[in-house]
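The values are calculated or read from the model by the stated rules, or taken from the named source; none is laboratory data. Note that the structure is predicted; figures quoted are calculated from it, not measured. When we count neighbours, we look across all protein chains shown, and the Cβ atoms used for this are built from the backbone with ideal geometry, even at glycine.
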Amino acid sequence: MQNLESTKALFDRWERVWNNGELDLVPSCVAEKYIRHEDAGERIVSPQEYASEIERLRSDRPNMRIVAYDHAFDGERAWYRVDFKWTDKDSGEERSRASLQVWRIEHGKLAEAWVANHPVGTTWGDAAALERWTAEKGQAATRQLFSTFQLGQLQLRNRVVMAPMTRSRAIGNVPNDLVAEYYTARADSGLIITEGTSPSPDGLGQPRIPGLFNREQVTAWRKVTDRVHEKGGRIFVQLMHTGRVAHPANMPEGSKIVAPSPVAIEGNIYTDTEGHKPYPVPSQMSTLEIEHAIEEFVQAARYAVEAGFDGVEINAANGYLIEQFLHPSANRRSDEWGGEGRDRFALEIAKRTASAIGGDRVGIRISPHGAINDTGPFPGVDAFYLEFAAKLSELELVYIHLVDHSSMGAPQVPADLKAQIRERFRGAFLLSGGYDASRAEADLADGKGDLVVFGRPYLNNPDLVEKLKVGAPLRDADPHTFYTPGPEGYTEL
């Protein structure tokens, strides 16, 4: 190929054309002559005609601007995917649409091939592989799930997010080569969110979960992030403190089981050395211990950046320490950390973490109607989380990840609550809850969210993105290997 030009350079010029009305740049953005494929057949379009069309659209649609751009070509045909937003003249509401155009290049400039999904080991000289790739590209470009997305300073290659899932392979609470292999195999996700990783020795209540509170762990995680980045992936670490979801047999010497109030979870917890044991009554945290725990989260976030993570997700869901403060059945305090101040612990962690590493690197996970670890809906739950979401929005976090485990038997999160949280939170909104490709496409098209989180399908399908794209069947995972140490059911599938 000759006269190659980067996608970024073209996008920068297209932004000036659409956003600033610099129509004289159109000839430098397009080829000297195209044949445009339309329903009625082919039509020759000159750059001047194309500039006139842009001028008309900008006049009809005030504030029309380009927000995302992608392209591919095979030397003869070019795919162009452009995402626009504009203000409706009549209603004043903001509108958006994605435009897919297919052009046949007669002569002129050639753009750099967009090779994010190019099959490994093939070359542009492989005509059959190129034909397959351009066909897939054209199909994928019409589907939002496989379109790019700007998350803070990061451009994600697609909108498929790997959910944080505990896998219990971090022997000694340090991620190892198996962990690196596991995440690297899933690096074609738009974003990986790691398993819950403790910011404190006190947060290691479950067997073999990783930590991020010492130099050894930072070095070990760096091997993971380097390998994911080498594959072009993006990865956030989830910071999760188990709080009362713990047993001393799982925890290192000198650690302590803590919670907002001395209220034990009903039932038993698994330990490697003693089997299933009843949950113990946790120690109620003092004000000094609360402040210390907050700073542990902040320091873990700093360590995360040092370890090469693209950002952190604060786990305020699923009955772990932060949600223990949010939930009235677990938080029975009468001081400033309880009652009307139940959200203070979460907000302080989010605020100080964003201050330390930047809000564009911080997401948060919530589960308003979750039922894990003795949580569940409580009186006024919807109003509480709507106010909480508005406060989080003021901190300018990059995303909110809403857990919906109704597909696994938990109470369903009301659709109007999801919509109202999305409305109140200015950052990206991550959908989750038993999604397949079809439902993900429908909810993205309806504007219900920006990214879609997939969980269990990833366990036995490291190539999940490709399978979703082509509609290939998914392999079921073996529940017996979800939390066992070793490669079986983890890297050996």
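When every residue of segment 66-82 is checked against the conditions, none turns out to be under 36 Å from the mean Cα position of the chain (by Cα) and modelled with pLDDT of 75 or more. Could you tell me whether any residue of segment 199-216 is farther than 27 Å from Thr271 by Cβ and surrounded by fewer than 21 Cβ atoms within 10 Å (Cβ to Cβ)? Checked against the condition, which is being farther than 27 Å from Thr271 by Cβ and surrounded by fewer than 21 Cβ atoms within 10 Å (Cβ to Cβ), segment 199-216 yields at least one hit.
Taking the criterion of being touching a Lys or Arg at 6+ places or on another chain (Cβ under 7 Å) and farther than 15 Å from Arg332 by Cα, no residue of segment 280-293 qualifies. When each of Gly172, Gly275, Gly190, Gly254 is tested for being more than 25 Å from His292 (Cβ to Cβ), at pLDDT 95 or above and surrounded by fewer than 22 Cβ atoms within 10 Å (Cβ to Cβ), the lone residue that passes is Gly275. When you check Tyr490 against the structure, is it crowded, with 17+ Cβ neighbours inside 10 Å, part of a loop (DSSP other than H, G, I, E, B) and not assigned by TED's automatic domain parsing to the domain that holds Thr194, yes or no? Considered against the rule, which asks whether it is crowded, with 17+ Cβ neighbours inside 10 Å, part of a loop (DSSP other than H, G, I, E, B) and not assigned by TED's automatic domain parsing to the domain that holds Thr194, Tyr490 comes out as yes.
Taken over segment 264-318, the criterion of being part of a helix (DSSP H, G or I), of a type in the set (Val, Ile, Thr) and under 30 Å from the mean Cα position of the chain (by Cα) is satisfied by Ile290, Ile294, Val298, Val305. Consider segment 394-449 and keep the residues that are in a strand (DSSP E or B) and not aliphatic (A, V, I, L, M). The one that is nearest to Ser355 (Cα to Cα) is Tyr399. Please go through segment 450-465 and pick out each residue that is among the aliphatic types (A, V, I, L, M), assigned to a helix (DSSP H, G or I) and within 19 Å of Met408 (Cβ to Cβ). Leu464 - this is the single residue of segment 450-465 that is among the aliphatic types (A, V, I, L, M), assigned to a helix (DSSP H, G or I) and within 19 Å of Met408 (Cβ to Cβ).
Kindly provide the set of residues from segment 334-392 that are polar (S, T, N, Q), more than 22 Å from Val413 (Cβ to Cβ) and surrounded by 18 or more Cβ atoms within 10 Å (Cβ to Cβ), ordered by number. Before you say what the answer is, go through the steps one by one.
Our first condition is that a residue be polar (S, T, N, Q); within segment 334-392, this holds for 334, 353, 355, 367, 373, 375.
This time we only want the ones that are more than 22 Å from Val413 (Cβ to Cβ), so: 334, 353, 355.
Correct list: Thr353 only.
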